[in-house]
Amino acid sequence: MNERDRAEIQQICLNRQAAGSVFIDPESIAMAHWTLFKCQYGCPAFNKSLCCPPHAPSHAETQKIIAEYTVALLVYFRGEVPVTKTIAEIERAVFLKNYYKVIGFGAGPCKLCTECSLDGCLFPYQARPSMEACGIDVYSTVRDNGFSLNVLTSRDEQRNSFGLLLIE
């Protein structure tokens, strides 16, 4: 990917509410089985959304997919941004730049529907699984790639979220 495309893609992110983005080596994406355990025993969306476990791509599937890419983009959002929907929009814009293999991952449970139709997604062009639902250790990935991310200890603290694009 040339520098011009990189700059244009980062501008696309900024135009869609991102606070920043950084291109990373896909090998720096930290995979961890524990994330699925946290989804199952800590998230009320477990088994209630097609974007969450056990319906989301497995840890092993995600590792195989990541291995097929040489470029990834970590996208940073501040505050209450609909990350999953926004990542899908960014993914579409990157696709239209002729990066036909682009795949996006959102953050947290899908919020496109109040209740997921587990029979089939009503918004397949906008729904994306979260990184953690696919076995990605978001905290390690983010920290290892130059961002700061800490657990929020109060609802008064500003929320920071990250999305991920695999680009080829």
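Worth a mention:
- For SER161: the one exception among (1) more than 22 Å from CYS39 (Cβ to Cβ); (2) touching a residue at least 60 places away in the same chain (Cβ under 8 Å); (3) among the hydroxyl-bearing types (Ser, Thr, Tyr): (1)
- Residues in region 87-104 include at least one that is in contact (Cβ under 8 Å) with a residue 12 or more places away in the chain, at negative phi and loosely packed, with under 14 Cβ neighbours inside 10 Å.
- Residue check, ARG4 surrounded by 14 or more Cβ atoms within 10 Å (Cβ to Cβ), modelled with pLDDT of 95 or more and either over 17 Å from the mean Cα position of the chain (by Cα) or charged (D, E, K, R) (or both): no
- Top-ranked residue of region 119-159 - restricted to ones that are over 11 Å from ALA30 (Cα atoms), touching a helix residue (DSSP H, G or I) at 6+ places or on another chain (Cβ under 9 Å) and among the polar types (S, T, N, Q), ranked as surrounded by the fewest Cβ atoms within 10 Å (Cβ to Cβ): SER148
- Subset tally (residues that are touching a residue at least 60 places away in the same chain (Cβ under 8 Å) and of a type in the set (Ser, Thr, Tyr)) for region 118-138: 1
- Pair list, Cβ < 6 Å and 6+ apart or interchain, from region 64-84 residues that are more than 16 Å from GLY106 (Cα to Cα) to residues that are of a type outside the set (D, E, K, R): TYR69/PRO26; TYR69/LEU166; VAL71/MET1; VAL71/ILE167
- Scanning region 72-123 for residues being outside any helix (DSSP H, G or I), among the hydrophobic types (A, V, I, L, M, F, W, C) and within 15 Å of LEU14 (Cα to Cα) gives a total of 5.
- Search result, residues across region 8-35 that are assigned to a loop (DSSP other than H, G, I, E, B), over 19 Å from VAL83 (Cα atoms) and under 14 Å from the mean Cα position of the chain (by Cα): ALA30
- SER130 being of a type in the set (Gly, Ala, Ser) and closer than 23 Å to HIS33 by Cβ: yes
The values are calculated or read from the model by the stated rules, or taken from the named source; none is laboratory data. Bear in mind the structure is a predicted one, so any value in this text is a computation, not a measurement. Note: ideal-geometry Cβ built from the backbone for every residue, glycine included; neighbour counts use all protein chains shown.
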